[in-house]
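A.B. asks: So that we are looking at the same thing, I have put the structure below in C-alpha cells.
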Amino acid sequence: KAVFAEVDLVASALVKSMSVIGGESASAHDVLDTFFAVQKVGAGCFTEIAEVLPGIIADAASMGVSYKDVAGAFAYMVAEGESAQDAASKMKGVFDVLGNADSMSYMADVGINVVDDTGNLRGLTDVFGEVAGVMDGLDVKQKEG
C-alpha cells in the first residue's frame with residue numbers, strides 16, 4: 001500500500017509508532033492511513049514521512065498528545081512550506097520546551113499560550129501558529145538564543 005517507499009522503512013515506521021501509540025489506541029491500519037493522509041495533503045513523500053513522523057509521535061506521546069494531532073500539525077507545517085526535516089526539528093524543539101517548566105514560563109511571557117484556561121494542552125496547530133508569529137519578529141541571533 002505504501003507507494004514508492006521501501007517495505008522495510010514502512011514496517012519500521014509502523015513498529016516504532018505502534019510501540020508508542022499502543023494497540024488499544026489505534027490499529028496498524030489506522031496509523032498507516034494517518035501517514036497516507038499526511039502525504040495526501042502534500043506533506044512530502046511517504047519516505048520522508050515514514051522517516052520523521054514516528055520520532056515526533058514518540059516525543060509528543062509523553063505529553064499526552066495524540067498521534068493524529070502530531071500528524072495534522074506536521075502536515076500543516078509542511079503544506080505551509082517547511083521541509084519535512086525542518087518541520088520535524090521544530091516540532092521536536094517545541095516538545096522539548098513543553099517538557100521544561102522554565103521554557104513554558106518563557107513562552108507564556110512572549111505571548112505563546114501552550115495550555116488553555118483549564119490547563120490542557122491547546123491544539124498543536126494553534127501553538128505552532130503562535131510560535132511562528134513570535135519567531136517572525138526575531139532576528140537570527142534572537143531565534144538562536
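A.B. asks: How many residues does the stretch 1-41 hold that are part of a loop (DSSP other than H, G, I, E, B) and either modelled with pLDDT of 85 or more or open to solvent by less than 50 Å² (accessible area, probe 1.4 Å) (or both)?
C.D. replies: Total satisfying the criteria: 5.
A.B. asks: Would you check which residues across the stretch 54-67 are in contact with a helix residue (DSSP H, G or I) (Cβ under 6 Å, 6 or more places away or on another chain) and in a helix (DSSP H, G or I) and list them?
C.D. replies: Once the filter is applied, which keeps residues that are in contact with a helix residue (DSSP H, G or I) (Cβ under 6 Å, 6 or more places away or on another chain) and in a helix (DSSP H, G or I), the stretch 54-67 yields PRO54, ILE56, ILE57, ALA58, ASP59, ALA60, ALA61, TYR67.
A.B. asks: Further question: Can you work out which of the residues in the stretch 126-145 that are open to solvent by 60 Å² or more (accessible area, probe 1.4 Å) and not acidic (Asp, Glu) is nearest to ALA79 (Cα to Cα)?
C.D. replies: MET135
A.B. asks: Considering the stretch 81-113 alone, what residues qualify as being open to solvent by 60 Å² or more (accessible area, probe 1.4 Å) and under 30 Å from VAL41 (Cα atoms)?
C.D. replies: Result: GLY81, GLN85, ASP86, SER89, LYS90, LYS92, ASP96, GLY99, ASN113.
A.B. asks: Do we find a residue being in a helix (DSSP H, G or I) and either aromatic (Phe, Trp, Tyr) or free of Cβ contacts under 8 Å to residues at least 12 places away in the same chain (or both) anywhere in the stretch 71-83?
C.D. replies: Yes - at least one qualifying residue is present in the stretch 71-83.
A.B. asks: Would a scan of the stretch 53-63 turn up a residue that is modelled with pLDDT under 85 and open to solvent by 50 Å² or more (accessible area, probe 1.4 Å)?
C.D. replies: Within the stretch 53-63, one or more residues are modelled with pLDDT under 85 and open to solvent by 50 Å² or more (accessible area, probe 1.4 Å).
A.B. asks: What pairs can you find where one residue is in the stretch 117-131 and at pLDDT below 80, the other is aromatic (Phe, Trp, Tyr), and their Cβ atoms are less than 8 Å apart, with a gap of 6+ or different chains?
C.D. replies: THR125/TYR76; PHE128/TYR76
A.B. asks: For the stretch 106-135, which positions are outside any helix (DSSP H, G or I) and either of a type in the set (Gly, Ala, Ser) or within 20 Å of the chain's Cα centre (by Cα) (or both)?
C.D. replies: GLY111, ILE112, ASN113, VAL114, VAL115, ASP116, GLY119, ASN120, LEU121, ARG122, GLY123
A.B. asks: Would you confirm, using the coordinates I've provided, whether VAL114 is touching a helix residue (DSSP H, G or I) at 6+ places or on another chain (Cβ under 6 Å) and not hydroxyl-bearing (Ser, Thr, Tyr)?
C.D. replies: For VAL114, the condition - touching a helix residue (DSSP H, G or I) at 6+ places or on another chain (Cβ under 6 Å) and not hydroxyl-bearing (Ser, Thr, Tyr) - is met.
A.B. asks: All but one of (1) more than 26 Å from ALA26 (Cα to Cα); (2) assigned to a helix (DSSP H, G or I); (3) at pLDDT below 80 hold for LEU138; which doesn't?
C.D. replies: (2)
The values are calculated or read from the model by the stated rules, or taken from the named source; none is laboratory data. Predicted, not measured: the structure shown is a model, and the values here were computed from it. So basically every Cβ, Gly included, is an ideal-geometry build from the backbone, and we count neighbours across all protein chains shown. Ligands, DNA and RNA are stripped out before the accessible areas are found, and what is left, the full protein with its side chains, is counted by its heavy atoms. Shrake-Rupley method; radii C 1.70, N 1.55, O 1.52, S 1.80 Å.
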